[in-house]
Every structure is written in structure tokens, then in C-alpha cells.
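Engineer: My questions all concern the structure below.
The values are calculated or read from the model by the stated rules, or taken from the named source; none is laboratory data. Note that this is a predicted model, so its numbers are computed, not measured. Cβ sites come from the backbone with ideal geometry, for glycine too, and all protein chains shown count toward neighbours. Side chains are part of the model used for accessible areas, which takes the heavy atoms of the whole protein and leaves out ligands, DNA and RNA. Shrake-Rupley method; radii C 1.70, N 1.55, O 1.52, S 1.80 Å.
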Amino acid sequence: MAKTGTTTQGLRAAIERSGYYPALVAEAVEAAVGGEPVVSYLVHQETTFDANEVRRHVTVLVLTGTRFIVSHTDEQAADNTSPSPYATTSTESVKLDRISSVVVSRVVANPESYTPGMLPREVVLTIGWGAVSRIDLEPAACGDPNCDADHGYTGSSTADDLSLRVSEAGDGPDSVRQTLAFAQALSEATAVTAR
């Protein structure tokens, strides 16, 4: 479930509504935000199945006037480092001028009958700021099928710091709308800092 909005009180309420360790998540996010006013936020909870275990994860994205803040909280089962279940929460604060890309991928059913404003079936929001990059390499080849020369390698480098998938079927139409609203706010903010 995703929640979005524009106030610090609204952010706290959305974290509490997610029901996922709200005191822990809110404290971490509020410490990262500090005294800055919140421009926009998105709270997204995911449930995954790992073998015989159900695991929850919450991502909180916050846009302030100068920064993009991302927080992840995961729960872990008891293991050899802890006799009881535990949660791990982390926050990262990124200056807006460091955001290099905001990619919004939309999956639309029946594109031949699409009308402006129609809600996508799924949205994937990918944000890059250079903290994590993925390099995909493969052997280069020429067009000659009989050539056995070494042509080196070819590949691509992709910024892949954060990718968040929201679907109408899994998360509901409001979550898709809220993800699009946050993506637009972040895109607009990064356009301003790029000038």
C-alpha cells in the first residue's frame, strides 16, 4: 500500500497507517528529514514470500526542498546473530542536484483504447543518483559468423539506486496514483535544481 502527501504530519500518519513498526520507521525518517518542510512523500509496504517465511518491507520516500530521502525497513527472523526476530532500518539523504535520473515506466492495458489520464496497470519508479551502478558486459562480435578474432567486450552501465514497483492489482489504484504523483513532484524538483 502506498500513501503520498505533502506535510510532516501527513507523513507520520501514513507511516502509522502502514502498520509496519511505525514508531521505528517514523523515528528514522523524521531524524533524516530534520527540520526541513516535507514537499512530498510516498510510503510503500511490500510483503514477500521467502521459502516458508513471510517478510515485510517498507520503503518511505520523502522530498524536501533540498533533498530526496529514502528509508528502507526490513524484518528478519531470529538467526545466529540474534535469538529473537529483529528489524533493520536505514535512511539515505541525497541532495537534489545529485539525482541523475527519474524513470517512470508505465504498463497500460489495451493501449489502442488509451485515453489521457487513464490509470496504468502498473508503474515502476526508478531513481538514480550514482550510489549503485550495474554493468552488464558481453563478448563483442562482428557480423562474420566465421570470425574467431577477439573483439573485446561491449556492455552498458545502468544507474540502479532505487526501483519501486506498484501495481493496480497488488497495491490498488490509489497506490498507482500516489506513486505517479510522487514521481512527478520529484521530476519537477530535479528539473529546478538542474537549471
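Engineer: Considering only protein heavy atoms and a probe of 1.4 Å, how much of the accessible area of the chain is carbon and sulfur, as a whole percent?
Structural biologist: 51 percent
Engineer: I've got another one for you. Over the residues of the stretch 1-97, compute the C-alpha Rg and express it relative to 2.2 N^0.38 Å.
Structural biologist: Working it through for the stretch 1-97, the quotient is 1.13.
Engineer: Multiply the residue separation of Arg55 and Val107 by 0.36 nm, subtract the distance between their alpha-carbon atoms, and state the gained length in nm to one decimal.
Structural biologist: Residue separation times 0.36 nm, minus the Cα-Cα distance, leaves 16.1 nm.
Engineer: Also, quick follow-up: Any idea how far apart Ala141 and Ala87 come out in nm if each label point goes 7 Å out from Cα toward Cβ?
Structural biologist: Each label point is offset 7 Å from its Cα along the Cβ direction, giving 5.0 nm.
Engineer: Give the angle, between 0 and 90 degrees and rounded to the nearest 10, that separates the Cα long axis of helix 22-33 from the longest principal axis of the Cα atoms of the chain.
Structural biologist: Once rounded, the angle reads 70 degrees.
Engineer: Roughly how tilted is helix 8-18, in degrees to the nearest 10 and between 0 and 90, from the longest Cα axis of the chain?
Structural biologist: For 8-18 against the chain, the angle is about 80 degrees.
Engineer: Each label point is 7 Å from the Cα along the Cα-to-Cβ direction; what then is the distance between the points at Ala149 and His72, in nm?
Structural biologist: So the label points at Ala149 and His72 sit 4.4 nm apart.
Engineer: Round to the nearest 10 and report in Å² the accessible area of Tyr41, as given by a 1.4 Å probe over the protein chains' heavy atoms.
Structural biologist: 10 Å²
Engineer: So, for the stretch 1-97, what is the accessible surface per residue at a probe of 1.4 Å, expressed in square angstrom? Show your work: numbers first, answer last.
Structural biologist: On the way: 4910 Å² over 97 residues.
Accessible area per residue, the stretch 1-97: 51 Å².
Engineer: For the chain, what is the charge dipole size about the Cα centre, in debye to the nearest 20, if Lys and Arg each add +1 at the Cβ and Asp and Glu each add -1 at the Cβ? Could you put the intermediate results ahead of the total?
Structural biologist: Working: 14 positive and 25 negative charges, 180 e Å.
Rounded to the nearest 20 debye, it is 860 debye.
Engineer: In addition: Quote the charge dipole size of the stretch 1-97 about the Cα centre in Debye, to the nearest 20; the model charges only the Cβ of Lys and Arg (+1) and of Asp and Glu (-1).
Structural biologist: With Lys and Arg at +1 and Asp and Glu at -1, about 320 debye.
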